[in-house]
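Take a look at the structure set out below.
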Amino acid sequence: MSTTTTTTTVGGIKVVKPTVQSHIRDYWGRVRGGDLGSLPAVLGLIALCIIFAVTTDTFTSSLNVGNLFNQGAQGIFIAMGLVFVLLLGEIDLSAGFASGMSGAVMAVLLTNHGLPAYVAIPAALLTGVVSGFVLGFLVAKVGIPSFVVTLAAFLGFQGILLLLVKGGTLIAVRDKFTLSLNQNNLSVTWSWVLAAVIILLFAGVQFTNARSRLSRGLVSDPWGIIAARIVGLAVVTIVGTALLTQERAINPAINSLKGVPIVVPIVGFFYVLWTFVLSRTTFGRHIYAVGGNTEAARRAGIPVDRIRISVFVLGQLMAAVGGIIQVSRAASVDPNTGGSSVLLYAVAAAVIGGTSLFGGKGKIINAVVGGLVIAVINNGMALLNVSDGVRYMVTGIILLVAASVDALSRRRAAATGNR
């Protein structure tokens, strides 16, 4: 038997399978060839967590870890939408205030008009869909560059937000369901049920994919690598759940605080949904095709304009989700909702996570990992009482490094033929 491959028979078909050693060697070869994926962001996230764990006393506390997810949720959702836009080599500068505008629509309907959450939340999401369609139409059909269109929308959405809050009025939100989205936690029991479901589903998907590929005579990852992935996810999930199911309240006698934040399964739902869309559907393949080579995609019969419109719709939809989650956390909306550095952090999250600014390369996991990097930076530096000026500088440097890594990896991939 070779040290690099093994041969097995499935359904009468001889299938050559790589060994664990050959799989690792091939992966390292792809990395050296410029296919880095989320590796730099993951390594950076681990390094940042170690640094802040060593330099602060509270970074690894269960209370702070729970806050990390609540603090970073808005940026992660907006970054998910931006991944679709960036895959086409486009940009959406309006995503921040689009989230604020959608959140304000929800708040006005809930508070000023007394409508229930099942009406107000869909209205906010519809706001994102409509604004995304308008932006996509102007880019795809009228031919205005996305930078100009979304810059104009940046100003326009800010104006709409001001009109909705009547210039500067803070609109408080008291709807219990809406507030629970980014303030409440699952019970301890349901937290462990969620952990078990995540592990079992991941294991099931991994084994099903491997058996499916083998049954069709295709090369599959070695069982050792598959087992390592499952064990790795299980360890992270169990440790995280154990940490978050501890008592986190400062005064438990008054208000107990245990369990996984509700926003975590919401993030997980959209991660699974959009990952499936990008990796398992014709629509997802068309997005990568248009982002990789627009003219070739057009000649292949792909409806390029429709794809362009759709990515802006998805981008604005996820911005609306981010706005809803932020309003839930703040329990209010004001003229600054979605403003300040929200857009910059969301773009930084997508790029730091590994999405290319040049189009054609990116995954939803990039938004999640990059969003966690941004959340860890902001959270850790706040615990260290670092000034905002230093925090912005550090985040900017990390973004510049990520963009540089992207440019250099693309050059390396072109040189080695790994595009």
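The values are calculated or read from the model by the stated rules, or taken from the named source; none is laboratory data. None of the values given here were measured: they were computed from a predicted structure. Ideal geometry is used to build each Cβ from the backbone, glycine not excepted, and the neighbour counts take in all protein chains shown.
Among the residues making up the range 304-337, a single one is surrounded by fewer than 24 Cβ atoms within 10 Å (Cβ to Cβ) and in a strand (DSSP E or B): Ser332. Restricting attention to the range 93-136, the residues that are at positive phi and either touching a residue at least 40 places away in the same chain (Cβ under 8 Å) or of a type in the set (D, E, K, R) (or both) total 0.
Taking every residue in the range 37-55 that is surrounded by fewer than 14 Cβ atoms within 10 Å (Cβ to Cβ) and pairing it with any residue that is of a type in the set (A, V, I, L, M, F, W, C) and in a helix (DSSP H, G or I), at least 6 positions away or on another chain, the pairs with Cβ-Cβ distances below 9 Å are Thr55/Leu383.
In this structure, is Gly370 farther than 30 Å from Leu110 by Cα and either over 17 Å from the mean Cα position of the chain (by Cα) or without any contact (Cβ under 8 Å) to a residue 40 or more places away in the chain (or both)? When the stated conditions are applied, Gly370 does not pass them.
The conditions of being assigned to a helix (DSSP H, G or I) and surrounded by fewer than 14 Cβ atoms within 10 Å (Cβ to Cβ) are not met by Ile374.
Of all the listed residues (Ala228, Ala210), the sole one being assigned to a helix (DSSP H, G or I), under 25 Å from the mean Cα position of the chain (by Cα), of a type outside the set (Ser, Thr, Tyr) and more than 23 Å from Val65 (Cβ to Cβ) is Ala228. Any residue at all in the range 320-338 that's at pLDDT below 85 and of a type in the set (A, V, I, L, M, F, W, C)? Within the range 320-338 (the criterion being at pLDDT below 85 and of a type in the set (A, V, I, L, M, F, W, C)), the answer is no, since none of the residues qualifies.
Here are some residues: Gly72, Gly66, Gly81, Gly89. Which one is surrounded by fewer than 21 Cβ atoms within 10 Å (Cβ to Cβ) and within 23 Å of Val369 (Cβ to Cβ)? Going through Gly72, Gly66, Gly81, Gly89 in turn, the sole match is Gly89. Selection within the range 244-256: residues that are surrounded by 17 or more Cβ atoms within 10 Å (Cβ to Cβ) and in contact (Cβ under 8 Å) with a residue 60 or more places away in the chain. The member of this set that is nearest to Phe202 (Cα to Cα) is Leu244.
The numbered conditions (1) buried (at least 16 other Cβ atoms within 10 Å of the Cβ); (2) assigned by TED's automatic domain parsing to the domain that holds Val311 are all true for Trp192 except (2). Looking at this structure, is Gly362 in the same structural domain as Val54 (by TED's automatic domain parsing), in a loop (DSSP other than H, G, I, E, B) and buried (at least 23 other Cβ atoms within 10 Å of the Cβ)? Considered against the rule, which asks whether it is in the same structural domain as Val54 (by TED's automatic domain parsing), in a loop (DSSP other than H, G, I, E, B) and buried (at least 23 other Cβ atoms within 10 Å of the Cβ), Gly362 comes out as yes. Figure legend. Inter-residue proximity from the range 267-279: first residues farther than 17 Å from Leu372 by Cα and free of Cβ contacts under 8 Å to residues at least 60 places away in the same chain, second residues of a type in the set (Gly, Ala, Ser) and part of a helix (DSSP H, G or I), beta-carbon distance below 8 Å, spacing 6+ or different chains. Indicated pairs: Val277/Gly284. Might you check whether a residue that is touching a His at 6+ places or on another chain (Cβ under 6 Å), in the same structural domain as Ala350 (by TED's automatic domain parsing) and of a type in the set (A, V, I, L, M, F, W, C) occurs anywhere in the range 303-312? Taking every residue of the range 303-312 in turn, at least one turns out to be touching a His at 6+ places or on another chain (Cβ under 6 Å), in the same structural domain as Ala350 (by TED's automatic domain parsing) and of a type in the set (A, V, I, L, M, F, W, C). Restricting Ser61, Ser99 to those that are crowded, with 24+ Cβ neighbours inside 10 Å, small (Gly, Ala, Ser) and either modelled with pLDDT of 90 or more or assigned by TED's automatic domain parsing to the domain that holds Val148 (or both) reduces the list to Ser99. Would you confirm, using the coordinates I've provided, whether Tyr27 is assigned to a helix (DSSP H, G or I) and closer than 30 Å to Ala297 by Cα? Criteria met by Tyr27. The set of residues in the range 154-189 being closer than 23 Å to Lys258 by Cβ, in the same structural domain as Phe97 (by TED's automatic domain parsing) and free of Cβ contacts under 8 Å to residues at least 40 places away in the same chain consists of Lys176 alone.
Check whether at least one residue in the range 45-56 is touching a Pro at 6+ places or on another chain (Cβ under 9 Å) and closer than 16 Å to Leu243 by Cβ, and report yes or no. No - not one qualifying residue is present in the range 45-56.
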